[in-house]
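What follows is one structure encoded as structure tokens, with my remarks underneath.
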Amino acid sequence: MSRFLEKVVVITGAGSGIGAASSKRFASEGATVVLVGRTREKLETTLLALPKGEHLIAPCDVSDSVQVKQLAELVEQTYGRVDVLVNNAGSVVQGKIHEVAVEDWKKLMGADLDGVFHCVHYFMPSLLKTQGNVVNTSSVSGLGGDWGMSVYNAAKGGVTNFTRALAMDYGADGVRVNAICPGFTLTDLTEDMKDNQELLNKFYDRIPLQRAGQAEDIASAIAFIASDDARYITGVNLPVDGGLTASNGQPKQA
């Protein structure tokens with residue numbers, strides 16, 4: 001497929017996991033990819049895995065509005081356009097709220113929620129010119145609550161509803177805004193869980209497809225919803241979760 005020929009795609013959190021897999025997917029379909037992340041070395045590793053093209057490494061901390069403004073200016077100067085913005089950067093904080101340090105709350109909100117605002121704010125002028133689209137990485141944790149993850153739930157819940165509101169504000173301008181909501185996915189953030197079979201079985205017991213997601217599964221959904229194949233889809237928070245959110249929460253009885 002070549003759905004993104006001559007398109008410029010900006011992907012945050014591109015150094016690993018879903019961001020790296022998405023970078024590969026877009027590049028394989030003809031896109032010029034701007035790889036955004038805090039660590040140049042990780043971005044260089046992702047770059048080496050991409051098909052040859054005029055891709056750009058752009059180290060940036062999306063929680064810093066000044067850095068994001070400079071990033072948007074760099075992309076505009078280099079390519080003169082942005083067609084797709086994938087807001088994927090994020091982190092996780094666990095613990096009951098009285099146990100979470102205030103600085104950990106601020107750090108997570110900076111990456112997971114403020115970063116989405118900063119990128120949409122500074123890239124929207126270019127997206128308006130190209131009638132491009134935004135894909136946010138939310139989570140099933142932005143659709144419902146988890147035990148011991150209220151900070152993450154708050155951030156992803158914000159991304160979920162921000163997505164809906166942006167779609168309403170910019171639809172008449174031809175800009176689509178959607179979010180992908182991954183379920184349990186094997187990435188760097190879940191690396192410490194992959195050898196805990198007892199814990200994995202608890203997840204698999206709740207997932208109809210009986211397996212964890214792979215980063216490539218999520219990347220496929222991101223590429224679809226960013227493509228013209230989804231040209232009449234906006235304001236959607238799409239679960240990509242193996243069927244997890246199909247459940248009403250009651251346990252198996254047989």
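Conditions first: (1) part of a loop (DSSP other than H, G, I, E, B); (2) in contact (Cβ under 8 Å) with a residue 60 or more places away in the chain; (3) open to solvent by 80 Å² or more (accessible area, probe 1.4 Å). Lys252 passes all but one, so which condition is the exception?
The failed condition is (2).
Would the range 49-59 turn up any residue that is more than 18 Å from Asn87 (Cβ to Cβ), open to solvent by 20 Å² or more (accessible area, probe 1.4 Å) and part of a helix (DSSP H, G or I)?
no
Can you tell me which residues in the range 87-139 are more than 16 Å from the chain's Cα centre (by Cα) and of a type in the set (Ser, Thr, Tyr)?
Hits for the range 87-139 are Tyr122, Ser126, Thr130.
With respect to Arg25, is the statement that it is surrounded by fewer than 19 Cβ atoms within 10 Å (Cβ to Cβ) and at pLDDT 95 or above true?
So Arg25 fails the test.
With respect to Val62, determine if the residue is touching a Leu at 6+ places or on another chain (Cβ under 7 Å), over 16 Å from Ser227 (Cα atoms) and buried (at least 19 other Cβ atoms within 10 Å of the Cβ).
no
What single numbered condition from (1) assigned to a helix (DSSP H, G or I); (2) touching a residue at least 60 places away in the same chain (Cβ under 8 Å); (3) under 18 Å from Cys119 (Cα atoms); (4) not hydrophobic (A, V, I, L, M, F, W, C) fails to hold for Tyr152?
Among (1) assigned to a helix (DSSP H, G or I); (2) touching a residue at least 60 places away in the same chain (Cβ under 8 Å); (3) under 18 Å from Cys119 (Cα atoms); (4) not hydrophobic (A, V, I, L, M, F, W, C), Tyr152 violates only (3).
Please determine, by comparing only the residues of the range 37-63 that are out of contact with any Pro (no Cβ under 8 Å at 6 or more places or on another chain) and β-branched (Val, Ile, Thr), which one is nearest to Ala155 (Cα to Cα).
Val62
Tell me, yes or no, whether the range 218-227 has at least one residue that is at pLDDT 95 or above and either open to solvent by 30 Å² or more (accessible area, probe 1.4 Å) or among the aromatic types (Phe, Trp, Tyr) (or both).
Checked against the condition, which is being at pLDDT 95 or above and either open to solvent by 30 Å² or more (accessible area, probe 1.4 Å) or among the aromatic types (Phe, Trp, Tyr) (or both), the range 218-227 yields at least one hit.
Filter the range 162-214 down to the residues that are farther than 19 Å from Asp146 by Cβ and part of a strand (DSSP E or B), then identify the one that is most open to solvent (accessible area, probe 1.4 Å).
Gln214
Taking the stated definitions as given, is Gly30 open to solvent by 10 Å² or more (accessible area, probe 1.4 Å), among the small types (Gly, Ala, Ser), at pLDDT 95 or above and out of contact with any Lys or Arg (no Cβ under 6 Å at 6 or more places or on another chain)?
Yes.
Could you check how many residues of the range 215-249 are in a helix (DSSP H, G or I), closer than 17 Å to Ser23 by Cα and touching a residue at least 24 places away in the same chain (Cβ under 8 Å)?
Adding up the residues that qualify gives 11.
Can you tell me which residues in the range 112-135 are charged (D, E, K, R) and open to solvent by less than 10 Å² (accessible area, probe 1.4 Å)?
Asp112
Within the range 90-111, track down each residue that is surrounded by fewer than 18 Cβ atoms within 10 Å (Cβ to Cβ), part of a loop (DSSP other than H, G, I, E, B) and not β-branched (Val, Ile, Thr).
Within the range 90-111, Ser91, Gln94, Gly95, Lys96, Ala101 meet the criteria.
Of the residues Gln77, Gln70, which is in a helix (DSSP H, G or I), in contact with a Cys (Cβ under 9 Å, 6 or more places away or on another chain) and either open to solvent by 10 Å² or more (accessible area, probe 1.4 Å) or among the hydrophobic types (A, V, I, L, M, F, W, C) (or both)?
Gln70
Pairs, please: C-beta under 8 Å, at least 6 apart or cross-chain, first residue under 18 Å from Phe123 (Cα atoms) and touching a residue at least 24 places away in the same chain (Cβ under 8 Å) and in the range 83-112, second charged (D, E, K, R) and in a helix (DSSP H, G or I)?
These pairs meet every condition: Ala89/Asp112; Asp112/Lys156.
Suppose we keep only residues that are among the hydrophobic types (A, V, I, L, M, F, W, C) and farther than 15 Å from Lys96 by Cβ within the range 136-157. Which one would you say is most open to solvent (accessible area, probe 1.4 Å)?
Leu143
The values are calculated or read from the model by the stated rules, or taken from the named source; none is laboratory data. Keep in mind that this is a model prediction, so the values were computed, not measured. Please note: Cβ atoms are built from the backbone with ideal geometry, for glycine as well, and neighbour counts cover all protein chains shown. Note: accessible area is taken over every heavy atom of the protein model, side chains too, but ligands, DNA and RNA are not part of it. Shrake-Rupley method; radii C 1.70, N 1.55, O 1.52, S 1.80 Å.
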